[in-house]
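Reading through the structure tokens given below for one structure.
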Amino acid sequence: MPDIGEPRRMALHRARAAFPLLDQRINGVALAYLDNAATTQVPLPVLDAMRDFESRDRANIHRGVHTLSQRATDAFERARERLKRFVGAGSAHELVFTSGTTDALNLVAHGLSHSTPDRQAPALRPGDEIIVSGLEHHANLVPWQQAAHRIGATLRILRPDARGRVHARDLARLLGPTTKVFAVTACANATGERPPYEELLELAARAGAMTVLDAAQAVAHEVPDLGALACDFMAFSAHKMYGPMGTGALVGRRTALERLAPLRFGGDMVQWVSDAEAVFAELPARLEGGTPNVAGAVGMAAAADFIDEVGRDAIDAHVRALRAHAAERLATIDGVAVLSAQASASAIVSFVVDGVHPHDIGTLLDEQGIAVRTGHHCAQPLLDHLALGPTTRASFALYNSHGEVERLLAGVSRAVKVLR
Amino acid sequence: MSALVDQLYQEVVIDHKRSPRNFGTLPSPTHRSRGHNPLCGDDLSVELDVADDFIRAIRFHGQGCAICVASASMMSEAVQGRTVAAARELQQRFRSVLTGEREADAAQIGKLISLADVRRYPARIKCALLGWHALAHALAGSDEDERR
């Protein structure tokens, strides 16, 4: 375990060496992995932490009386506390481990729209309003659609403007006495747009709504500080912050988490069970039914350590510079339009090309070892609103370089020449 | 240029992509169907004018990647004026080449052979087959949207 008192600094330019996967050739060419919004790569310290757990400390947690079980439990709970500190959560908050952001957001939407185990009515009532921004990934939209249907609540969309930006004044107009939930992303995965979420959450909270933040795309470089936010629930994934897949977290105010009906009933989330009924555990256990992905939690905490060793500000400055470089130069290629060109606080750049389909661009870039993502990015409503079809998206991480951006630019220019 | 460009984006494919043949709609189609891949945004509708068992006219419209559009364009040229049975058979032969079930040379697919290399790029096979699936559905008399 690293000594938390004196964080070991790892220079950004040396950090790439911690990612052996990046040193491979694709189609005979050096890999340029620019699909980090889909998933980031995992550094050796994270892999080591997970392997060490599995090969030395692995046992089931919480219920065992033997030493190994205690070690495993300690590792799990240490990971929980580490990640709470990582996002600025304090004693008023709790962290629930989930399988990812989608699981966490479903946990909230489900939890607010179902009766609690002690037969309390759901937190959401018929006629209530749920406001979701128009920037959202489907994971922060579809669960709310379902909750609204189930409860008889009304779903309203906070529409972005024609350039894909959401404004506080538009939210102020939507908020009312029946608004019970406001859900927004800290960074739109389809465009890289960073809404003014601090202000939006504050407005919604003052109007009496519960607030939900999808931080999946933010935690790798601009970690939201829960201590300073009017945020009831925040969801994020390990695999988008240099951690393993299959693990994530829902961090929330205890008072808010208390209102959630559990999504998974069974072991670990009960105090005692008879034939006919059960008494449920306290938080966080109540929302963590079943054996968790303990190695995943350990890996996620190790990823938080890695980010802090390299330095959040250094990472943030680096990926923003890469994005600015890519966005500015892409816009100079004939026929290319960059979405959310103004989004400077971003690691994501999404673009369309007149008369050229992203599929073809993506295939030609892949031939040159460059990995990008094409399609709707699980954000069809946003792209429909912008009157756009599928896009090509490049997204940057701490191990990417300006040289790789130049390769991307050359590849896009070439693709446009071939296809247009 | 490169293997990919030579195979997947050879001149005839780019030509059909830039100037798709039979692109548009029919005033009174006897058969129509729509092929749609919501995951990537390819969306093609095929309209036919069938009389006496012959495909008198065919049009397609929509949006999609170069492979999708070029394939539909070449398809339209290949089935125009053919019998329904011949068109169905050609569709099956083309499909079997793209899925690797049959060798391109032996399949007798004429000019469509310029798309045979798509089978080496599995992520793009559905693109090349989208228009053909819509054609098959149209000929089957199904008027419904087909999603895949």
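The values are calculated or read from the model by the stated rules, or taken from the named source; none is laboratory data. Quantities reported herein were computed from a predicted structural model and do not represent experimental measurements. Cβ coordinates were reconstructed from backbone atoms using ideal geometry, including for glycine residues, and neighbour counts include every protein chain displayed. Please note that ligands, DNA and RNA were not included when accessible areas were found on the heavy atoms of the full protein model with its side chains. Shrake-Rupley method; radii C 1.70, N 1.55, O 1.52, S 1.80 Å.
Would you mind pulling out the separation of the Cα centroids of region B:24-99 and region A:131-207, in Å? Region B:24-99 and region A:131-207 have Cα centres spaced 42 Å from each other.
Chain B and chain A together bury an accessible surface of about 1400 square angstrom, both sides counted, with a 1.4 Å probe and no ligands or nucleic acids included. Of B:Ser2, A:Ser350, the order by accessible heavy-atom surface (1.4 Å probe, DNA, RNA and ligands excluded), from most exposed downward, is B:Ser2, A:Ser350. Of interest is the spacing of the C-alpha centroids, which for region B:106-133 and region A:327-392 amounts to 26 Å. Rolling a 1.4 angstrom probe over region A:127-192 with all protein chains present gives an accessible area of which 50% lies on carbon and sulfur atoms. The residues of chain A present an accessible area of 40 Å² per residue when probed at 1.4 Å with all protein chains retained.
Semi-axes of the equivalent ellipsoid for region A:38-81, computed as √(5λ) from the eigenvalues of its C-alpha gyration tensor and ordered from largest down, come to 24, 12, 8 Å. Once the mean of 1/r is taken over each pair of separate Cα atoms and inverted, region A:131-247 shows a Kirkwood hydrodynamic radius of 14.5 Å. With the gyration tensor restricted to C-alpha atoms of the protein assembly as shown, the semi-axes of the equivalent ellipsoid amount to 46, 29, 24 Å, longest first. Computed over chain A, the per-residue total of -39500 (n - 2.57) for DSSP H runs of n ≥ 4 gives a 222 nm mean residue ellipticity of -10500 deg cm²/dmol, rounded to 500. Dividing the convex hull volume of the alpha carbon atoms of chain B by its residue count gives 100 Å³ per residue. Overall, chain B carries a charge dipole of about 200 debye about its Cα centre when +1 sits on the Cβ of Lys and Arg and -1 on the Cβ of Asp and Glu, all other atoms neutral.
Its relative contact order, with pairs defined as Cα atoms under 8 Å and 6+ residues apart, puts chain A at 22 percent. Placing unit charges on the Cβ atoms only, positive for Lys and Arg and negative for Asp and Glu, gives chain A a dipole magnitude near 400 debye about its Cα centre.
Which net charge results for the neighbourhood of A:Gly335, defined as the other residues with beta-carbon distances under 15 angstrom from its beta-carbon, given Lys and Arg at +1 and Asp and Glu at -1? It works out to a net charge of +3.
Between the listed residues A:Leu174, A:Val251, A:Thr40, the Cα displaced farthest toward the positive end of the dipole of the protein assembly as shown, a dipole computed from Cβ unit charges relative to the Cα centre, is found at A:Leu174.
Tell me, Kirkwood radius of region A:110-192 from alpha-carbon pair distances, in Å? The answer is 13.5 Å. Each Lys or Arg adds one and each Asp or Glu subtracts one; over the other residues with Cβ under 15 Å from the Cβ of A:Ala326, this totals +2.
Considering only A:Gly267, A:Tyr197, A:His359, the residue lying farthest towards the positive end of the dipole of chain A is A:His359, judged by Cα position with unit charges set on Cβ.
Residue-normalised convex hull volume from the C-alpha trace of region A:225-334: 166 Å³ per residue.
With 10 Å² as the minimum drop in accessible area between chain alone and full protein complex (1.4 Å probe), the qualifying residues in region B:1-18 are B:Met1, B:Ser2, B:Leu4, B:Val5, B:Tyr9, B:Ile14, B:Lys17, B:Arg18.
If you take all other residues with their beta carbon under 14 Å from the beta carbon of B:Val84, and give Lys and Arg +1 and Asp and Glu -1, the sum is -1. Surface calculation, 1.4 Å probe, protein heavy atoms: A:His62 sits at approximately 90 Å² accessible.
With both residues required to sit in the protein assembly as shown, DSSP beta bridges show an antiparallel share near 65%. In chain B, the DSSP-assigned H stretches of four residues or longer account for a calculated mean residue ellipticity at 222 nm of -12000 deg cm²/dmol, using -39500 (n - 2.57) per stretch and the full residue count as denominator. Rg and Dmax of region A:218-283, both derived from C-alpha coordinates alone, stand at 15.6, 49 Å.
Only Cα pairs under 8 Å and 6+ residues apart enter the sum, and on that basis the relative contact order of chain B stands at 31 percent. Have a look at region A:352-370 and report residues whose accessible surface goes down by 10 Å² or more when the remaining protein chains are included, against the chain on its own, probe 1.4 Å, ligands and DNA/RNA excluded. Those residues are A:Gly355, A:His357, A:His359, A:Asp360, A:Thr363, A:Leu364, A:Glu367. On the principal axes of its alpha carbon atoms, region B:37-79 extends 38, 17, 11 Å, with the longest extent given first. Partners of B:Lys111 within straight-line reach, counting lysines whose Cα lies under 27 Å from its Cα and excluding those fewer than 8 residues away in the same chain: A:Lys417, B:Lys17, B:Lys126. Over region A:291-346, the fraction of Cα-Cα pairs per 5 Å bin, rounded to whole percents and listed from the shortest bin up, is 4, 17, 16, 13, 12, 11, 11, 9, 5, 2, 0. Here region A:3-109 is assigned +1 on the Cβ of each Lys and Arg and -1 on the Cβ of each Asp and Glu. Its dipole about the Cα centre then comes out at about 180 debye. Think of region A:1-119 as having a plus end and a minus end, set by charges on the Cβ of Lys, Arg, Asp and Glu; of A:Val65, A:Ala11, A:Phe86, A:Ala11 sits farthest toward the positive end of this dipole. Overall, the accessible surface of region B:1-107 at a probe of 1.4 angstrom is composed of carbon and sulfur to the extent of 45 percent.
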